[in-house]
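S.K.: Just dropping this structure here.
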Amino acid sequence: MTMTQGTGKDTQTGAEAGDSTVADSVTARLDSVRRAIAETESACGRGKKAITLIAVSKTHPAEAVEEALAAGQRVFGENRVQEAKGKFPALKERFPDLELHLIGPLQTNKVKDAVALFDVIQTLDRPKLAEALAEEMAKSGRRPRCLIEVNTGEEPQKAGIAPAEVEAFLADCRDRLGLPVTGLMCIPPVDEEPAMHFALLAEMARRLGLPEISMGMSGDYETAVRFGATHVRVGTAIFGARPYPAQ
């Protein structure tokens, strides 16, 4: 499988962008990504199955998710609460071990639905959202794990906590609000080498005693594994190009 390194984008090349032949099916793509992860784990001395592969199914239909489920995949990621609500409740009933991660921005008016549906919320990125999540978890009794989104590139247009503010934000989330924060996530700037951002995130997680490190997408997940990721978020390399409605 040919991967585009160093872009931070969820991209694909060559045969990955082909038609729906058996060799280019969701199952085949998933097997290819799993092999690449296993080979990278071995090459950098990490234990087998140290990495949780999150299959990012945003914009893809439930049928594509079902094919991945049939191939043994159980961890999925979605960007939008409303899309996930239309796709995953029935699948979760059929596959009770399915784990669903929210990897896109979360508006405070969607917090109730997000807490009810998702098992992990990876985009805890501001104090107002932390307050809303704590309130809803107290009301519902449901406590999905949370990851703090870190703006490692300190990009003004991008969501996330600045690296220098993560420790204080984590302390507030845990000590005052009682949120179950278990890790950090990042999306590096698209025009920078991702390795430096992955190294920064992994070092921060180790220093703060957080066990989960979510970083790496289709174009750079192997680099992320080398730099200590525990979770990689792979969409296009598994499900193919995203289907968008005609304009």
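The values are calculated or read from the model by the stated rules, or taken from the named source; none is laboratory data. Fair warning: this is a prediction, and the values are worked out from it, not measured in the lab. Because the Cβ atoms are built from the backbone with ideal geometry, glycine has one as well, and the counts that use them run over all protein chains shown.
S.K.: Please give the number of the condition VAL65 fails out of (1) over 20 Å from GLY219 (Cβ atoms); (2) surrounded by 15 or more Cβ atoms within 10 Å (Cβ to Cβ); (3) more than 17 Å from the chain's Cα centre (by Cα).
M.R.: Here VAL65 meets the rest and fails (3).
S.K.: Given the options ALA70, ALA130, ALA134, ALA138, name the one that is under 30 Å from LEU30 (Cα atoms) and hydrophobic (A, V, I, L, M, F, W, C).
M.R.: Only one candidate passes the filter, namely ALA70.
S.K.: Within segment 86-103, which residues are closer than 23 Å to ALA171 by Cα and touching a helix residue (DSSP H, G or I) at 6+ places or on another chain (Cβ under 8 Å)?
M.R.: Hit for segment 86-103 is LEU102, nothing else.
S.K.: Moving on to the next point. Could you name every one of the helices (runs of 4 or more DSSP H) located completely within segment 137-247 that has at least 2 residues being within 30 Å of ALA64 (Cβ to Cβ) and modelled with pLDDT of 95 or more?
M.R.: Of the helices (runs of 4 or more DSSP H) lying wholly inside segment 137-247, those with at least 2 residues that are within 30 Å of ALA64 (Cβ to Cβ) and modelled with pLDDT of 95 or more span 194-208, 221-226, 236-239.
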